[in-house]
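Here is the structure we will look at.
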Amino acid sequence: MNKLIKLFIAISAVLLLSGSHTLRHIAADTVHQFHDPVIGVTCSAVMIEPEVALTARHCMEMISPVLTLDGIDYPVTEGFGNPALDLAILIIPSAPCPCAVLPTTLIQEGEPVIVIGYPYGVGKVVTYGEFQGWVVIDGILYGMTTAPARPGNSGGGVFNSKGELIGIMTLADPTGYLTFFVSLEPLLKSPVK
């Protein structure tokens, strides 16, 4: 019986998120492939305002980084990373929006989440899961979800059921079924200008 309840909850979360077709696509339109065609490294990044994107700090180890939007490569001219949080801001001249919307409230344990990124660089993938709570790994506070992710999802967006950006994907367990993100809570208190 307990398995049936969990299955019902999981199916309900997927229906809730996928039923909001517009919100899913609005969120997905803000996430792009962040890569280096010279060395073949692929990550993801989220546009937060024109010419500005967020990604994971560990994704910045590139020689000639570009952000691909609608088939056009935009060179990344500057990046500012915080290795203590595995979070970085990218400056991409002429890169347009749509841009992610930050939430007005913090996510609560058990709420559904959407993870969007470019696993293995093969294309944009949207996965669904549930926010499991906060965990500390190596002294850093991360949000934990059950939305699957793979290499290349790093730097991608974690969105709530309203399509609002709540974090940037940074880690996954070896199976990829528990994933971890850096919260954007500090940005809620001090928005990027």
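Numerical summary
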read-out	value
Residues that are hydrophobic (A, V, I, L, M, F, W, C) and modelled with pLDDT under 90, drawn from segment 82-101	ALA84, LEU85
Every residue from segment 92-105 that is under 20 Å from MET144 (Cα atoms) and either loosely packed, with under 11 Cβ neighbours inside 10 Å or among the β-branched types (Val, Ile, Thr) (or both)	THR104, THR105
In segment 123-167, residue surrounded by the fewest Cβ atoms within 10 Å (Cβ to Cβ) [restricted to those that are under 12 Å from PHE34 (Cα atoms) and either basic (Lys, Arg) or touching a Gly at 6+ places or on another chain (Cβ under 9 Å) (or both)]	LYS124
Restricting segment 32-61 to residues that are aliphatic (A, V, I, L, M) and in contact with a helix residue (DSSP H, G or I) (Cβ under 8 Å, 6 or more places away or on another chain), the residue that is most open to solvent (accessible area, probe 1.4 Å)	VAL41
Cross-chain or 6+ apart pairs with Cβ under 6 Å, segment 16-33 first and among the charged types (D, E, K, R), then modelled with pLDDT of 75 or more and open to solvent by 60 Å² or more (accessible area, probe 1.4 Å)	ASP29/PRO98
Condition broken by VAL115, with the remaining ones in (1) out of contact with any Phe, Trp or Tyr (no Cβ under 7 Å at 6 or more places or on another chain); (2) open to solvent by 20 Å² or more (accessible area, probe 1.4 Å); (3) among the β-branched types (Val, Ile, Thr) satisfied	(2)
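The values are calculated or read from the model by the stated rules, or taken from the named source; none is laboratory data. Model, not experiment: these values are computed from the prediction. Ideal geometry is used to build each Cβ from the backbone, glycine not excepted, and the neighbour counts take in all protein chains shown. Heavy atoms of the whole protein, side chains included, go into the accessibility calculation; ligands, DNA and RNA do not. Shrake-Rupley method; radii C 1.70, N 1.55, O 1.52, S 1.80 Å.
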